[in-house]
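Here is the structure we will look at, set down as structure tokens.
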Amino acid sequence: MAVQYYEGIGRRKESTSRVRIMGGSGQYIVNDKPLEEYFTRLGDKEIILSVLSAVEQEPMRYDVTIKVLGGGVTGQTSAVSLGLARALVKMNPDWLSPLRKSGFLTRDPRIKERKKPGLKRARKAPTYTKR
């Protein structure tokens, strides 16, 4: 018998995450590691689990499997929270409104700006000298 799960894809900057959520005992696995071991920075775990508190759900009611690739720690954290929010909406469409109000379903469109010709970086120009 196949296990029933709900999947959400989240992206931010260069990071992409695939989040699968199912009923269970509160096990959170990120790239084959526990959540606390993968996201060691202070507050990252709280950002991810705040998605569940927005819909008044206990984190211990679900098993979550996450595959996240690319980018840095901040981008990966945001990608995981977006993927988790999208998976929760698939699980229960009634949660769309509270998640939308809390801002968890809005994809952050900011990405790295490309380098322009004649400049050192995206916006930094060479030093101007009059003579």
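Listing for the model above:
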| quantity | calculated |
| --- | --- |
| Whichever residue in the stretch 35-55 is hydrophobic (A, V, I, L, M, F, W, C) and in a helix (DSSP H, G or I) and, among such residues, is surrounded by the fewest Cβ atoms within 10 Å (Cβ to Cβ) | I47 |
| The lone exception for E58 - which of (1) surrounded by 12 or more Cβ atoms within 10 Å (Cβ to Cβ); (2) acidic (D, E); (3) closer than 27 Å to S97 by Cβ it fails | (1) |
| Residue in the stretch 90-99 that is surrounded by 12 or more Cβ atoms within 10 Å (Cβ to Cβ), touching a residue at least 24 places away in the same chain (Cβ under 8 Å), in contact with a strand residue (DSSP E or B) (Cβ under 8 Å, 6 or more places away or on another chain) and not in a loop (DSSP other than H, G, I, E, B) present | yes |
| Positions within the stretch 6-37 being among the aromatic types (F, W, Y) and either free of Cβ contacts under 8 Å to residues at least 40 places away in the same chain or closer than 16 Å to S78 by Cα (or both), in sequence order | Y28 |
| Output for the stretch 107-131, where each listed residue is surrounded by 10 or more Cβ atoms within 10 Å (Cβ to Cβ) and without any contact (Cβ under 8 Å) to a residue 24 or more places away in the chain | K115, K116, L119, K120, R121, A122, K124, A125 |
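Okay, residues lined up against (1) closer than 22 Å to T74 by Cβ; (2) part of a loop (DSSP other than H, G, I, E, B); (3) modelled with pLDDT of 95 or more; (4) of a type in the set (D, E, K, R):
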| site | (1), (2), (3), (4) |
| --- | --- |
| R110 | yes, yes, no, yes |
| R114 | yes, yes, yes, yes |
| P117 | no, yes, yes, no |
| A122 | yes, yes, yes, no |
| Y128 | no, yes, no, no |
| R131 | no, yes, no, yes |
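The values are calculated or read from the model by the stated rules, or taken from the named source; none is laboratory data. Quick caveat, the model's predicted, so the values are computed rather than measured. Methodologically, a virtual Cβ is constructed for each residue, glycine included, from the backbone with ideal geometry; neighbour enumeration extends over all protein chains shown.
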